[in-house]
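Rule-based calculations on the coordinates, nothing more; no lab input. Predicted model only: the values in this text are computed from it and were never measured. As a convention, Cβ positions derive from the backbone with ideal geometry for all residues, glycine included, and neighbour counts pool all protein chains shown.
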Amino acid sequence: MTTLDAARFATGGRRMRGRITAAWWYTVAGVLAFEVIMALLIVSVSASLTDSGLEVALVAIGSAIWVAATVPLLIAYRGRDETDPVRGRTLALLLVCALCGAGAWLVTGMWVATVFAIAQPIVMLDWPRGVRVRIVIAITILLAALWFIDVQRHVDTNSATFAFFTVATPAMTVLTLWWWDILLMLDTARLSESRTSAAQERLRIATDLHDLQGHHLQVIALQLELIDRLWERDPAAAREHVRIARESVDDARQGTRDLARGFRTVPLADEIANAADLLQAAGVRTEVHVDARSSDAPVDVFGPVIRETTTNVLRHGGGSWATLSLALSDGGVWRYEIANDRASQGAPAIDGSGLEGISRRAAEAGGGVDVDQDGARFAVTVSVPATGGPA
């Protein structure tokens, strides 16, 4: 697993969790919007059924209390465990909602408004899978029947909008929460897939290393056994086997280096594409410009630089956009530039140790680093000559 992959688990993972958290609050806002609309409609109906301003004010206060009482139930839905939907605190909140519904009935005389006040929080409880569906179907049918009864009793519902929201809001609430459940499952599956991929990669590396080292160690063991047998009666042959054993040791070391280099070396176009994917997953709008001749650029210099600068953008940038480019100038100099905006001009865009490491790598290749800070824009440009001379 590359350094960029590790950063994807760390900073990128936290950013994705942040986006999931934002989606949860969008879900909460959507459900509360349904409830606020219903509260306003009930107040409107109350105003049309009574001439008493005091009664209308009491209904408005009760509606506000009802909305406030449903908020803890809605927030508790996020940490549900589907084991015990009814607890002491939940019962207290349901009692408050029932009292608010009773107050609405005293003013309006509408059964549908009274039952809705307790039905809406019920569908938001932590019911086991499959139970909530049956409950919401039963509540929807009950509310529709009560609305029909109220109409037959000549209770003015003021508008068809009131009837629609009263009957449909519990179902719309459940659909909204169901959308959140799906989003949460997808995020969990994404994290599980990432961990599984990392585990498979570690297993593959372990297998390759075992095969490589196992072969050479077996050869060395056989050579040492022959040396032990030949040391006294044929020293010349023993020394020859010592030489062969040394060669096997050198081959094992070189094979290990080649194996590690094969895992570390990634084409620069892929490095930049991976960096762009990581930035986009963190919510950063990203543009990429890569020279078609990027395969000729020094991978050992630019590879770590790309990973380091990408990690620093995620760690310190906090902005909304970033651009990455790798191009060969007419003077035969490879230039890699990463630019981004910062959440605040005072926030550091890259730490000192990271910039020092980038400068050291560029200097070893005869190149240099240029840092440009222009207001909220921060850019790091690394220049390395294609011929190995000074940039």
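Structure notes:
- The residues GLU271, GLU337, when put in order of fewest to most other Cβ atoms within 10 Å, stand as GLU337, GLU271.
- Two-site FRET efficiency, LEU175 against ARG285, from Cβ-Cβ distance with R₀ of 51 Å, rounded to 0.05: 0.95
- Value in Å of the Kirkwood radius, where segment 39-140 supplies the Cα pairs that are averaged: 14.3 Å
- Taking other C-beta atoms within 10 angstrom as a stand-in for reagent exposure, TYR26, TYR336, TYR77 fall in the order TYR26, TYR77, TYR336, fewest first.
- Centre separation in Å (Cα based) which lies between segment 172-227 and segment 102-143: 48 Å
- Label-reachable residues, segment 297-329, where backbone N falls under 16 Å from a point 7 Å from THR387's Cα toward its Cβ: 329
- Remark: C-alpha extents of segment 198-264 on the principal axes read 53, 17, 8 Å, sorted largest to smallest.
- Among residues other than VAL301 with Cβ under 10 Å from its Cβ, the summed charge is -1 (Lys and Arg +1, Asp and Glu -1).
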